[in-house]
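Reading through the structure tokens given below for one structure.
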There are 4 protein chains.
Amino acid sequence: MTVYNKENMERFKERNKNRGRLLVSCSDQPGIVAAISNMFYSFDANIIESSQYSTNPEGGTFFIRIEFECPSFKEKVKEMKESFAEIASKFSMEWSLTQVSLIKRTAIFVSKELHCLRELLWDWQSGDLLTDIALVVSNHEDGRELVESMGIPYYYIKANKDIRKEVEEKQLQLLKDYDIDVIILARYMQILTPEFVKEHENKIINIHHSFLPAFIGAKPYERAHDRGVKLIGATSHYVTNDLDEGPIIEQDIARVDHRDNVERLKKLGASIERSVLTRAVKWHIDDRIIIYKNKTIVF
Amino acid sequence: MTVYNKENMERFKERNKNRGRLLVSCSDQPGIVAAISNMFYSFDANIIESSQYSTNPEGGTFFIRIEFECPSFKEKVKEMKESFAEIASKFSMEWSLTQVSLIKRTAIFVSKELHCLRELLWDWQSGDLLTDIALVVSNHEDGRELVESMGIPYYYIKANKDIRKEVEEKQLQLLKDYDIDVIILARYMQILTPEFVKEHENKIINIHHSFLPAFIGAKPYERAHDRGVKLIGATSHYVTNDLDEGPIIEQDIARVDHRDNVERLKKLGASIERSVLTRAVKWHIDDRIIIYKNKTIVF
Amino acid sequence: MTVYNKENMERFKERNKNRGRLLVSCSDQPGIVAAISNMFYSFDANIIESSQYSTNPEGGTFFIRIEFECPSFKEKVKEMKESFAEIASKFSMEWSLTQVSLIKRTAIFVSKELHCLRELLWDWQSGDLLTDIALVVSNHEDGRELVESMGIPYYYIKANKDIRKEVEEKQLQLLKDYDIDVIILARYMQILTPEFVKEHENKIINIHHSFLPAFIGAKPYERAHDRGVKLIGATSHYVTNDLDEGPIIEQDIARVDHRDNVERLKKLGASIERSVLTRAVKWHIDDRIIIYKNKTIVF
Amino acid sequence: MTVYNKENMERFKERNKNRGRLLVSCSDQPGIVAAISNMFYSFDANIIESSQYSTNPEGGTFFIRIEFECPSFKEKVKEMKESFAEIASKFSMEWSLTQVSLIKRTAIFVSKELHCLRELLWDWQSGDLLTDIALVVSNHEDGRELVESMGIPYYYIKANKDIRKEVEEKQLQLLKDYDIDVIILARYMQILTPEFVKEHENKIINIHHSFLPAFIGAKPYERAHDRGVKLIGATSHYVTNDLDEGPIIEQDIARVDHRDNVERLKKLGASIERSVLTRAVKWHIDDRIIIYKNKTIVF
């Protein structure tokens, strides 16, 4: 990690040492918010930001995200989790309660196109992307110079569909060794096996270079050009075992016209890809996303 | 009111007979959310949607909007307000608690440009704008046919700056007679006096045909053309006694280029004006807006 | 036609009595622009606006649109066409040369959703859509009141797939009787037969309520909701015999989120549909579109 | 210059050795296009792309941009310029005729905020920004490491308003030494003197961090936050001696809301600034811009 960034991270941890986040989903019913807020009150915690959503007033599903400040949070977090577990049990909740100061550890996978990787590294370096980028994995050598210049280890693992099994074994071992929480596929052009995906469920974020569900699969810009669309797009989504069918986190588009050939679509698209992926990653890092029925609620 | 719309409204009232909304702002401190949610719980009310924001974790201002369902709300609303008044007093809150089924009564003011009026009437007619449009006031006759064709009374009151006092007297009397909650200036090209504004504080919504604070005042499209901007915009804001300086509710823009003359800017702009004003009015009608220090929090 | 609009049209015709437009496509080669511009110069015509595009500098296809003023155009137009035919023959051009004052005659087809129809009528009424709306055809009665209130004939023709043949016979007869140049499918929910399409090739403009090629076919908003997209869109295209696969003229999108249910997607989408269709229709009316290999060049 | 980029540039020059561009403005009159296109035809040149615009059909100003391929252009360019000078004289044209293979030489000025500089360098490095970045000038040392890592000379010249004269003398000498065609102020936070501006008229491109004419001058994000705008923007313009009043080249905006504090506006804004400046610079580099009456025509 660069010295500059190390300082950023330390400052961030110190500033957020009492900051926590709660994510909850459960069947809707009266009394949920009261139970949660009473629990926080009993710990002297102050609710800083809270967003709630119900799929349906009657008999729907309830979702809430709360960001809070709790004095001496580090000392009290275990107790708070125990307290909350009782509420969660009563309401049959799925939930997570996280300490903001425990920064998530991230692996970036990349192939030959470096623009998304570069945007992530840049934002990380300037302190805007608050994660530990622990390593970069690639099936090409193109990104090595850039990545190593920032003091991040770069692992080249040759990959193709014939050796997928052994490639993924090496990758999974690295993810374990580096204790990784989040995997970002920043234009990594290999398909992952169901075993790989299962081991990191809801933790792999991909960028696809089209406005899904249009142009699923290979060569979306070529197909966009053939179809004569007037907008091109990019989509960031969680990876599932259905190719390009996982829960969509974010999408954006740019206007194009008849003068834009495939090469130009790729350049314009690169700019959308990098902003869409970066937004999606930041929301994930900030615990803003709940996955529900192959969709995302982004608070 | 047209028959079609009357049915819409009745259905809406019936569907929302138990629906309420709470808007609160106060100094931030622990226990606020617990106090509010306990109150709702004690009334068997279910929180359907809730959004909260604090200007600053420490010593800031706290804002919350809650939409809830309360069985037999109509019967309990008085009691709930009394209950809440105690909480409000304890935390020094500014607050409002409204019944969704009590539809707001609206007056639209317009001059010669009818596009914003037409968009509002259209949305009202199709049941998307859930307000009673009680009357339209104008200093021109242009809109009469359109307005009366929808069964809404149209009042022509000649206006200019020399007779402002007597004009406003007539207008204020009409607003009183019709028991108006919201006043929409849908391209009404007369300046209101401080007395008028004061009597309907935070209840007058204007559309200005520029992206404020650029091009405050008269002839914004002409000035945009002179300046050679590449974007034109529109701004909807609450009216205060500083011309075009009130709290901004919503803004939007459209891209233009060197080929667009003033006439074309006006046409493109008209389309932005009507969508920006309509969005702002809907948010106000839905009690989504809190005004704070000449800004808006839109939940 | 309403009196107000009739005046608009007459003023427009008078103002454009000497205005013409030339659209050309052919194999690229040196000398084309020189030949065309010399021809105009020989008629004392002044080129007002000109746009050109070549698919490829070497061996590509050349497209040009020229708008010009020619003194006594009405008297000279026949001669100019003869002159141009020689150039066209030499360069193997496809071309059209039109008089702006000969306003195109339009038929609008609609079913139960009236928002696109209403937007077109509104723009037509205010003089922004410079076409003769000669008739409206529908398989429902919903639009009759609106259409007839503007003095436009409304033809109800019951339609379903079992009686497609006889329905289209009636429709084709009407199009012939009214001497129609352009057919706008403003949310007309019936599929046209290849015979119908062929008879009005490149003259039928449809609005599809998705950002094609996503969600081709029925119920796009429902499917967009199921997929959890973060953007919804609309696409205007020329109708061919491949459903929703014709040349795209214009597309646009709006941002949505998890809170937007299908009903709300439809409302948001309606707003995009009407602006996308209106833009597409205006470009067609203004002779700005060249169709080439199932794509559009929009000048 | 990095090796990688050097190869890019050489390939670009080779590919464009016969490519030229003509920019013209003059009083509108018949025969202009014929004269120009005949001249090109006589040189066997093929018009690849052409855009034209007239301010007014009658008695307006005429603008055209033509991109063309001329066999053996390098050998014929002198002769072509002589030929065109006669036409230009006849029609009283302002014009420029450039060889695309003669790449423009650029100086970037920057202060402490590096995001715009970084975007330009990145695009330059990947071959998307086809200019020679000859040097970077700064009144701070912050950018040195980044710039020198790409093999570009970095000149630190301390600056403040008391020593403006001597600072600019050094800068002007550098611009002369490096034979600079274009100066990019990539968040350079010093005001230039009229003498400096005059010496490089229409060649200095600035990025201002607001949607001009809103928030002219210092601290635009702070003032945007105070005003409670719902959109922030950035503007790229040519520098004149009226602060932030020069011809606007490009603008763009991003949506913000009440939760975005000044720090966050700056981060969001940085992303708009870099894309707006990059687009503006590319259009200038590609000879797409004609300045006319303090506005730009961007073809």
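The values are calculated or read from the model by the stated rules, or taken from the named source; none is laboratory data. If you're wondering where the values come from, they're calculated on a predicted model, not measured in any experiment. Positions of Cβ are generated from backbone atoms using ideal geometry, with glycine treated the same way; all protein chains shown enter the neighbour counts. To get the accessible areas, we keep the full protein, side chains included, count just its heavy atoms, and leave off ligands, DNA and RNA. Shrake-Rupley method; radii C 1.70, N 1.55, O 1.52, S 1.80 Å.
With its label point put 7 Å out from Cα toward Cβ, residue C:199 sits 6.4, 6.5, 7.5 nm from the same residue's point in the other copies, in order from shortest.
Under a Gaussian network description of chain A, with springs only between Cα atoms under 10 Å, the residue in A:19, A:65, A:227 that fluctuates furthest is A:227. Of the solvent-accessible surface of the protein assembly as shown, computed with a 1.4 Å probe over protein heavy atoms with every protein chain present, carbon and sulfur atoms account for 47 percent.
Rounded to the nearest 5, what % of DSSP beta bridges with both residues in the stretch B:78-235 are antiparallel? Provide the component values of the computation, followed by the final result.
On the way: 1 of 17 bridges.
The answer is about 5 percent antiparallel.
Summary value for the stretch A:17-99: 49 percent relative contact order, contacts being C-alpha pairs under 8 angstrom separated by 6+ residues. Under 10 Å from the Cβ of residue C:235, count the other residues' Cβ atoms, weight Lys and Arg +1, Asp and Glu -1, and hand me the total. Net charge around residue C:235: -3. Peptide A:229-235 shows a mean partner chain C-beta count of 6 within 10 Å per residue C-beta.
Using the Cα gyration tensor of the stretch A:17-99, with a ≥ b ≥ c the square roots of its eigenvalues, what is the shape: rounded (a/c below 1.5), prolate (a/b larger than b/c) or oblate (neither)?
Details: a/c = 2.20, a/b = 1.78, b/c = 1.24.
Judged from the Cα gyration tensor, the stretch A:17-99 comes out prolate (a/c at least 1.5, a/b above b/c).
By Cβ position, the chain D residue that hugs the axis carrying D onto B most closely, with its distance in whole Å, is D:214, 2.
Indicate the gyration tensor shape class of the stretch C:105-298 (rounded, prolate or oblate), computed on the Cα atoms with a ≥ b ≥ c the square roots of the eigenvalues: a/c under 1.5 is rounded; otherwise a/b larger than b/c is prolate and the rest oblate.
Working: a/c = 1.43, a/b = 1.37, b/c = 1.04.
It comes out rounded by the Cα gyration axes.
GNM on chain D, alpha-carbon springs under 10 angstrom: the most fluctuating residue among D:177, D:28, D:128 is D:177. Centroid-to-centroid, using Cα positions, the stretch B:20-99 and the stretch C:58-94 are 72 Å apart.
For chain C, the longest principal axis of the C-alpha atoms and the axis of helix C:32-42 are separated by about 70°. In the elastic network of chain A, a GNM with C-alpha springs shorter than 10 Å, the most mobile of A:229, A:239, A:197 is A:229. Helix A:73-91 axis versus longest C-alpha principal axis of chain A: approximately 90°, rounded to the nearest ten. Accessible surface buried by the B/D pair amounts to about 2700 Å², both sides summed, 1.4 Å probe.
Taking every residue in D:148-156 and counting other chain Cβ atoms within 10 Å of its Cβ, the average works out to 0. Taking chain B as the reference, fit the longest principal axis to its C-alpha atoms, fit the long axis of helix B:262-285 to the helix C-alpha atoms, and give the angle between the two in degrees, 0 to 90, nearest 10. Helix B:262-285 sits at roughly 20 degrees to that axis. For the segment B:222-228, counting C-beta atoms of other chains within 10 Å of every residue's C-beta and taking the mean gives 4.
With every protein chain kept in place and ligands, DNA and RNA left out, what is the accessible area per residue of the stretch A:194-282? Probe 1.4 Å, answer in Å². The partial results should precede the final answer.
Details: 3310 Å² over 89 residues.
It amounts to 37 Å² per residue over the stretch A:194-282.
Solvent-accessible surface of the stretch B:37-110, taken per residue with a 1.4 Å probe and all protein chains present: 44 Å². For the residue pairs A:176/A:267; A:6/D:230; B:104/B:295; C:78/C:176, alpha carbon separations beyond 29 Å are given by A:176/A:267; A:6/D:230. The same position residue C:148 in the other copies lies at 2.1, 8.2, 8.4 nm from this copy, comparing label points 7 Å beyond Cα toward the beta-carbon, shortest first. For residue D:135, the shell of other residues with beta-carbons less than 13 Å away shows a net charge of -1, using +1 for Lys and Arg and -1 for Asp and Glu. Distances, shortest first, from the label point of residue D:262 to those at the same position in the other copies read 3.8, 4.9, 5.0 nm; the point lies 7 Å along Cα to C-beta. All other residues whose Cβ lies under 11 angstrom from that of residue A:26 are scored, Lys and Arg at +1 and Asp and Glu at -1, for a net of -1.
Helical runs assigned H by DSSP (4 residues or longer) give chain D a calculated mean residue ellipticity at 222 nm of -11500 deg cm²/dmol, each run adding -39500 (n - 2.57) before division by the residue total.
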